[in-house]
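The values are calculated or read from the model by the stated rules, or taken from the named source; none is laboratory data. On a predicted model such as this, the values are computed, not experimentally measured, just so you know. Here Cβ is always computed from backbone atoms with ideal geometry, including for glycine, and neighbour counts include all displayed protein chains. Each accessible area value is taken on the protein alone, full model and side chains, heavy atoms only, with ligands, DNA and RNA left out. Shrake-Rupley method; radii C 1.70, N 1.55, O 1.52, S 1.80 Å.
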Amino acid sequence: MHSPLYLTTDGMLEQLQLAKYSFKLVFSGKDKLPAYSALGLRGLLGHQLQKVVCPLTVRQRDSCKTCFIRRHCPYFNLYEQQCDIRGRKEAPKGYILYCPPHPRGNEVEVEVTLMGRSNVFFSALFAAIKQAEKTGLGLRRERRRQYRVSVVSRHFPGGSELLKDQREESTPPPFPVCQWLDQAQSAEKAYFVTPVRLTKKRESVLNWNLLYTNLARRLESLNMVYGSGAGFGRDNWLELRALMQDWPAPSARLHWVQLHRYSARQDQKIPLGGFIGQVDLSRLRPEQQIWWHLASLLHVGRGTVMGLGRIELS
């Protein structure tokens, strides 16, 4: 049975699946950990993932784009692959790495969200996280902090469990997004925990309509690339956009923070930044609530793969 070409929001929430895991990392030493650890963690895991899965030495590697096993390679799929769907070349990656900002002490919990078919690469990602214990986290070799993985958990709608066996054949299946949302309670407050940025240029105020449409396009792209392959279609999209444009804006106390991350590939610092703060959801319409809960699952805006755009509800 073929999946429908176009879906409504409800249909997309049923089609797209995701899995969530967490790793508790215990770091050695007493130095303060980076405020946004996930910005460096993604690069570290990418480097280790190549070492874990690639049978070639560094000198033998030419380009992942020409490798004959790239379609089955965890590193290529999670880091290098670009979407070949027309108009979706810059589609979001099928995972999120999130660490709570400004960690205290020597423990950090890394939350990993894998979208749809990306879940099959969990075992390789776990192996990379274990491999990176020896390397440690940090830009400079002399200041890297080594760690050990103390606890690995799998989360599911309504609970979680400890994982002891990470073999590929035992990787648990993901759950439809609608099942995650079924556990959601009506929220009064939203917190932008890591910077939320919707455009390339720095914004003076947050455009709420753009936030909703950005999230809807993110949901659509994730389902097209990592889910059933279906999009909204013109009619569904126009109806959804008209609905969102009529929604009242929430009241909020937000401020802009500027971040930078170092890109080894570009050998330079890349500016990042966005809004953090608190949003009052108490006066929003009921149909808006589902999108805020969806944002708490998928993140929103730029840099989501590195844990930016994190929204938590209460």
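Cα axis of helix 38-53 to longest principal axis of the chain: angle in degrees, 0 to 90, nearest 10?
60 degrees
When the C-alpha atoms of the stretch 75-213 are aligned to their principal axes, what extent does each axis show, in angstrom, from largest down?
Sorted largest first, the three principal extents are 44, 39, 39 Å.
May I have the extent of the alpha carbons of the stretch 201-279 along their three principal axes, as whole Å values ordered from largest to smallest?
43, 35, 18
So what does T304 come to for accessible area, using a 1.4 Å probe and Å² rounded to 10?
10 Å²
Given 0.36 nm per residue, what is the gain on full extension from R86 to N106 after removing their alpha carbon distance, in nm?
Result for the pair: 2.7 nm of gain on full extension.
For E80, what accessible area in Å² do you get when you roll a 1.4 Å probe over the heavy atoms of the protein chains, rounding to the nearest 10?
Around 40 Å² of this residue is reachable by solvent.
Consider just the alpha-carbon atoms of the chain and return their Rg together with their Dmax, both in angstrom.
19.6, 59
Tilt of helix 208-226 relative to the longest C-alpha principal axis of the chain, in degrees (0 to 90, nearest 10)?
With rounding to tens, the tilt is 60 degrees.
Based solely on C-alpha atoms, express the radius of gyration and the Dmax of the stretch 24-144 in angstrom.
Spelled out, the Cα radius of gyration and Dmax of the stretch 24-144 are 15.6, 49 Å.
At R0 = 45 Å, how high is the FRET efficiency between S28 and W247 if r is their beta carbon distance? Nearest 0.05 is fine.
Calculated transfer efficiency: 0.40.
Of V205, P74, L33, which is farthest on the positive side of the dipole of the chain, counting Cα position, with +1 on Lys and Arg Cβ, -1 on Asp and Glu Cβ, and the Cα centre as origin?
Of V205, P74, L33, it is L33.
By how many degrees, 0 to 90 and rounded to 10, does the Cα axis of helix 122-135 deviate from the longest principal axis of the chain?
50 degrees
Using only helices, what value at 222 nm comes out for the chain when you add -39,500 (n - 2.57) per DSSP H run of length 4 or more and divide by the total residues, to the nearest 500 deg cm²/dmol?
-9000 deg cm²/dmol
Please report, in whole Å, how far the alpha carbons of the stretch 75-154 spread along each principal axis, starting with the longest.
That works out to 46, 30, 24 Å along the principal axes.
Please report how far the C-alpha centroid of the stretch 228-256 lies from that of the stretch 90-130, rounded to the nearest whole angstrom.
Comparing the Cα centres of the stretch 228-256 and the stretch 90-130, I get a distance of 27 Å.
Whole-Hz ³J(HN,Hα) for each residue in the stretch 287-300, computed from phi via Karplus 6.51 cos²θ - 1.76 cosθ + 1.60 with θ = phi - 60°, x for glycine and proline: what do you get?
Values, residue by residue: 6, 7, 4, 4, 6, 5, 5, 5, 4, 5, 7, 9, 6, 8 Hz.
Specify the residue with the greatest mean-square fluctuation among G229, G277, G159, computed from a Gaussian network of the chain linking alpha-carbon atoms under 10 Å apart.
Of the options given, G159 has the highest mean-square fluctuation.
Using a simple spin-label model with points 7 Å from Cα along the Cα→Cβ vector, what separation in nm is obtained for R71 and T135?
So the label points at R71 and T135 sit 2.8 nm apart.
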